[in-house]
1. Can you pull out the residues in the range 77-113 that are of a type in the set (Ser, Thr, Tyr), under 21 Å from Glu32 (Cα atoms) and modelled with pLDDT of 95 or more?
2. Filter the range 70-90 for residues that are of a type in the set (D, E, K, R) and either assigned to a helix (DSSP H, G or I) or within 21 Å of Lys44 (Cβ to Cβ) (or both); which is most open to solvent (accessible area, probe 1.4 Å)?
3. Specify the residue that is nearest to Leu9 (Cα to Cα); the eligible residues are those in the range 40-50 that are touching a helix residue (DSSP H, G or I) at 6+ places or on another chain (Cβ under 8 Å) and open to solvent by less than 80 Å² (accessible area, probe 1.4 Å).
4. Condition first: out of contact with any helix residue (DSSP H, G or I) (no Cβ under 6 Å at 6 or more places or on another chain), assigned to a helix (DSSP H, G or I), surrounded by fewer than 14 Cβ atoms within 10 Å (Cβ to Cβ) and not charged (D, E, K, R). Can you find one or more residues in the range 20-39 that meet it?
5. Within the range 31-83, work out how many residues are among the aliphatic types (A, V, I, L, M) and closer than 18 Å to Lys127 by Cα.
6. Can you give me the number of residues within the range 96-117 that are open to solvent by 30 Å² or more (accessible area, probe 1.4 Å) and under 13 Å from the mean Cα position of the chain (by Cα)?
7. Could you pull out the residue among Ile17, Ile93 that is under 21 Å from Leu140 (Cβ atoms), open to solvent by less than 30 Å² (accessible area, probe 1.4 Å) and touching a Phe, Trp or Tyr at 6+ places or on another chain (Cβ under 8 Å)?
8. Quick check on my filter: what residues within the range 1-60 are more than 17 Å from the chain's Cα centre (by Cα) and of a type in the set (Val, Ile, Thr)?
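The values are calculated or read from the model by the stated rules, or taken from the named source; none is laboratory data. Remember, it's a predicted structure, so these values are computed and weren't measured experimentally. FYI the Cβ positions are ideal-geometry reconstructions off the backbone, even for glycines, and counts take in every protein chain you see. Side chains included, ligands, DNA and RNA excluded: accessible areas come from the protein's heavy atoms. Shrake-Rupley method; radii C 1.70, N 1.55, O 1.52, S 1.80 Å.
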Amino acid sequence: MIEQDTIKLLRECDAGIKMGVKSLNDVMDRVENKELFKLLHTCKDKHDELDKELQKLLGKYHDEGKDPNFFAEKMAKMKTEVKMQMEYSDNTIADLITDGCNMGVKSLNKYLNQYAAADEISKDITKKLINLEAELAVDLRKYL
């Protein structure tokens, strides 16, 4: 049971990191404020660092991880495009990324509870990702 929950939790973290990085990549080239760009870029780098740690663990379990849900990914991309066409601004970007962070925090906490038998290392990675998303949402408030 521990190994199954561990792998499932790691897969959800993998999908979450991929979704977060894709969302950041979708908006970063549109950011005008240098400080906002730096904030998003730094967060993307932290996601990449956490992903390396995560991939090592997945490799330990001989698992390839998980891609984000196809429909969730397409809906997020469409939402970004529509909102940016309606109002092309750093405020819109901050709003979109904040929404994504909040959804990530909610989902990851759900998976942390759902896969309670996962090992502590996997839980710690999940908590790091939750904290990364939560911190970004707070840091983005001044750009809303």
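1. Thr98
2. Per the criteria, the residue is Lys74.
3. The extreme case among them is Leu50.
4. yes
5. Within the range 31-83, residues that are among the aliphatic types (A, V, I, L, M) and closer than 18 Å to Lys127 by Cα number 4.
6. Final tally of qualifying residues: 8.
7. Ile93
8. Of everything in the range 1-60, those that are more than 17 Å from the chain's Cα centre (by Cα) and of a type in the set (Val, Ile, Thr) turn out to be Ile2, Thr6, Ile7, Val31.
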